[in-house]
1. Mind checking whether some residue in the range 128-145 is hydroxyl-bearing (S, T, Y) and at pLDDT 85 or above?
2. Just name the residue that is farthest from I177 (Cα to Cα) out of those in the range 1-30 that are of a type in the set (V, I, T) and in a helix (DSSP H, G or I).
3. Just one of L41, L69 is part of a helix (DSSP H, G or I), at pLDDT below 70 and either in contact with a helix residue (DSSP H, G or I) (Cβ under 8 Å, 6 or more places away or on another chain) or of a type in the set (V, I, T) (or both); which is it?
4. Among the residues of the range 88-111, how many are buried (at least 20 other Cβ atoms within 10 Å of the Cβ) and either modelled with pLDDT of 70 or more or not in a helix (DSSP H, G or I) (or both)?
Amino acid sequence: MDYFIAILLFAISSSITPGPNNVLVMTSGLNFGVKRSMPLLCGICFGFTVMLLIVGIGFMQVFTYFPSLHLVIKTLGVGYLLYLAYLIANSSNAISSSSQPTPLSFLNGALFQWINAKAWIVASGAIAAFTTVNVSSFEQQITIALIFLFVSFPCVGIWLLFGSVLKRHLTKPRYLICFNYTMSLLLILSVLPVVNELIDVICAALFTQ
């Protein structure tokens, strides 16, 4: 029982605290409402569960044998994250346009996990902390993934509801525009450590040639 409680507390604390996933759903909730943002929420929750299982199976070992693959994924991830920041900033057009932009989809939310630095930290930390050699590794991974799946919906969903509530108060277009640009900026700032790491790797490779 202590084992399940430990995983549950870890899942709640890591899912409900601020991060790129919660910024995305809160922004979507404000601009499009809860109903239209549900695919994004489901994509984030199911996407992270799949990621957690794959990481647990041993996907991290692939990077040990093919370190350049890690660099490629990070580079693509930076580009994708900047694209999402662009979408968030331009969702302000929904305020004054008769043709509203489309909210982020299930696939957007699922794919976002693979370039979300916090998702990688949480996934690798959960596998490292809550798997042991005394019990079936696959059984433990399934347990961890299911707990995260059920916990993530209410924890991330709170941010979606918060964004929807904010919509009632940010009634003036300029307030919504400022909010969207702020959220877009937060996503860009969250990727800066990865950008710095990529720059260091590229510079090191150039100087060693």
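1. yes
2. First, pick out the residues of the range 1-30 that are of a type in the set (V, I, T): 5, 7, 12, 16-17, 23, 25, 27.
Now restrict to residues that are in a helix (DSSP H, G or I): 5, 7, 12, 16, 23, 25, 27.
Working: I5: 41, I7: 39, I12: 31, I16: 25, V23: 15, V25: 16, T27: 11 Å.
Checking each candidate, the answer is I5.
3. On the way: L41 fails: at pLDDT below 70.
Checking each option against the conditions leaves just L69.
4. Going through the range 88-111, the residues buried (at least 20 other Cβ atoms within 10 Å of the Cβ) turn out to be 88, 91-92, 103-104, 108-110.
So of that shortlist, the ones also either modelled with pLDDT of 70 or more or not in a helix (DSSP H, G or I) (or both) come out as 88, 103-104, 108-110.
Qualifying residue count for the region: 6.
The values are calculated or read from the model by the stated rules, or taken from the named source; none is laboratory data. What you are looking at is a predicted structure, and each value in this text was computed from that prediction instead of being measured. All Cβ positions, even for glycine, are placed from backbone atoms using ideal geometry, and neighbour counts span all protein chains on display.
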